[in-house]
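Structure first, then comments.
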Amino acid sequence: MNKRGEMIGLETLLFFLLNLAFMVVLMIFILNSSYGALVYEQTYAKQIVLLIDGAKTNTDLGIDMTNAIEVARKYISTNKAETSDEILKRAIIIDKEKGTITVSLSGRGGYSYKYFSGYDVNLETAGVILKINVREKENA
Amino acid sequence: MLSVNKMNKRGGEKLLAIWWFFVLIVIGVGIVAGVLIFYNANVDARTLEAQVLSERIFSCIVKDNFFDKEVMNNFDAIYKKCGLNDKLFTGDGVFYFKISLYDGDNLFYEKSSDLKSFETDCAIASEMKKADYFPRCVKSSENVLFYDNNELKSLRLEVLAGSNQFGRRVSLAENDKN
């Protein structure tokens, strides 16, 4: 009787734990998605590319990345003392050879978009501002 | 009889547990799919890109209302002149432009970048309501002046610019490789 009672108790516990695990995993997934990293990655990548494409040579542009930094902090910043500059340097990647901008806020890949500008494009950070410098190519 | 009922009940409970987890998985997959579809929705910037490209071409081939003759003599120089990455306009490229000069209704000069199928695709896209994977094009025009054999002509410059760029999600490993 005791053995059978113990078995039923164990089964109920296992059933409860599996349900709980399912709910927790689902809630974590929904919570992570609700930060909107996928949307921010895409919109920032496209916004930066449009700014680069629209810029003439010898132009300096600035874009406020506050929202991107806040989202990135929720995902990839384990170090509380990490500055906005450090987060931006890690999250915004430029590939000059391929002419692409990649924004990665979640730390699990990112969104990549091409710019058609043939100028020399450099990215710098100043706090929450991402500076885009567009210059004539030196070998051009 | 009592023991048979008990056995059925136990078997029924197990079956219910399996069925319960099956339902949970179906619900879970549904929620995950819904969330992913919602947050992966594409923000279409192709028309804006085409507009930016068109403005850029106008600003570099028209100076003080005069059409730059150098473009006619050496069309390929337009990429350097306008600061365009020529690789994206050829082969597997995703951008296109065409320059047309009209003298009244007569075509005076016309030249385009390599991906000529864009023009047809753009025409289809503008006629069809649901053509998501067709390029988006912008056509703009303005009057320009041009010296043709020392004769000053007023021509209509038309620029057709198109983009069919879809960004893509990349993995971290792919980023590190680059």
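Quick note: the coordinates plus some simple rules give every number you see, no bench work behind them. All figures in this text were calculated on a predicted structure; none of them were measured in a lab. Using ideal geometry, Cβ is built from the backbone for each residue, glycine included, and neighbour counts are taken over all protein chains shown.
Using the Cα centre of the protein assembly as shown as origin and beta-carbon charges of +1 (Lys, Arg) and -1 (Asp, Glu), tell me which of A:LEU123, B:GLY104, B:PHE21 is placed farthest towards the positive end of the dipole.
B:PHE21
What GluC sites (Glu not before Pro) does the stretch A:55-104 have in DSSP loop regions with at most 11 other beta carbons within 10 Å? Provide the component values of the computation, followed by the final result.
Numbers: sites: A:GLU70, A:GLU82, A:GLU86, A:GLU97; in loops: A:GLU82, A:GLU97.
Of the GluC sites (Glu not before Pro), the ones in loops of the stretch A:55-104 whose Cβ has at most 11 other Cβ atoms within 10 Å are A:GLU97.
Amide H neighbours of B:ALA131 under 5 Å, counting only residues 5+ apart in sequence or on other chains, H built in-plane at 1.01 Å?
HN-HN under 5 Å from B:ALA131: empty list.
Note the angle between two axes, namely the Cα long axis of helix B:2-39 and the longest principal axis of the Cα atoms of chain B, as a number of degrees from 0 to 90, rounded to the nearest 10.
Its long axis makes an angle of about 10 degrees.
May I ask for log10 I(q)/I(0) of the stretch B:46-163 at q = 0.22 Å⁻¹, from a Debye sum over the Cα atoms as equal point scatterers with solvent left out?
Debye output, listed in q order: -1.28.
Expressed as a rounded percentage, what relative contact order does chain A have, with Cα pairs under 8 Å and six or more residues apart? Could the numbers behind the result be given before it?
Details: 179 pairs, mean separation 38.7, N = 140.
Averaging sequence separation for qualifying contacts and normalising by length gives 28 percent for chain A.
Which far-off residues, 5 or more places away or on another chain, put their amide H under 5 Å from the one on B:ASN85, with H placed in the peptide plane?
Amide H neighbours of B:ASN85, under 5 Å, 5+ apart: A:SER117, A:GLY118.
So what's the back-of-envelope 222 nm ellipticity for chain A, counting only DSSP H runs of four-plus at -39500 (n - 2.57) apiece and dividing by all residues, rounded to 500?
-16500 deg cm²/dmol
Considering the Cα trace of chain A, what is its radius of gyration and what is Dmax, both in angstroms?
22.9, 88
Quick one: order B:VAL35, B:VAL29 by neighbouring beta-carbon count within 10 Å, fewest to most.
Least crowded to most crowded, the residues run B:VAL29, B:VAL35.
To the nearest 20 debye, what charge dipole does chain B have about its Cα centre, counting +1 at the Cβ of each Lys and Arg and -1 at the Cβ of each Asp and Glu?
Values: 23 positive and 24 negative charges, 313 e Å.
Computed charge dipole of chain B: roughly 1500 debye.
Got a sec to turn the phi values of the stretch B:138-148 into Karplus ³J(HN,Hα) couplings, 6.51 cos²θ - 1.76 cosθ + 1.60 with θ = phi - 60°, whole Hz, x for Gly and Pro?
Computed from phi, the couplings for the stretch B:138-148 are 10, 10, 9, 9, 7, 7, 10, 9, 8, 8, 10 Hz.
Using every alpha carbon pair in the protein assembly as shown, what percent of pairs falls into each 10 Å bin from 0 up to the bin containing the largest distance?
Using 10 Å bins, I get a P(r) of 5, 20, 23, 18, 12, 9, 6, 4, 2, 1, 0, 0 for the protein assembly as shown.
Given H placed 1.01 Å from N in the peptide plane, which residues other than close sequence neighbours of B:LYS153 have an amide H under 5 Å from its amide H?
B:PHE146, B:TYR147, B:ASP148
Of A:LYS89, A:LYS96, how do they rank once you tally other Cβ atoms within 10 Å and put the fewest first?
A:LYS96, A:LYS89
Once each part is reduced to its C-alpha centroid, what is the distance from the stretch B:118-167 to the stretch B:36-86 in angstrom?
When both Cα centres are located, 11 Å separates them.
If you rank A:SER106, B:SER59, B:SER112 by fewest surrounding Cβ atoms within 10 Å, what's the result?
Placing the least packed residue first, the sequence is B:SER59, B:SER112, A:SER106.
Only helical DSSP H runs with n ≥ 4 go in: add -39500 (n - 2.57) per run for chain B, normalise by residue count and round the 222 nm mean residue ellipticity to 500 deg cm²/dmol.
-14500 deg cm²/dmol
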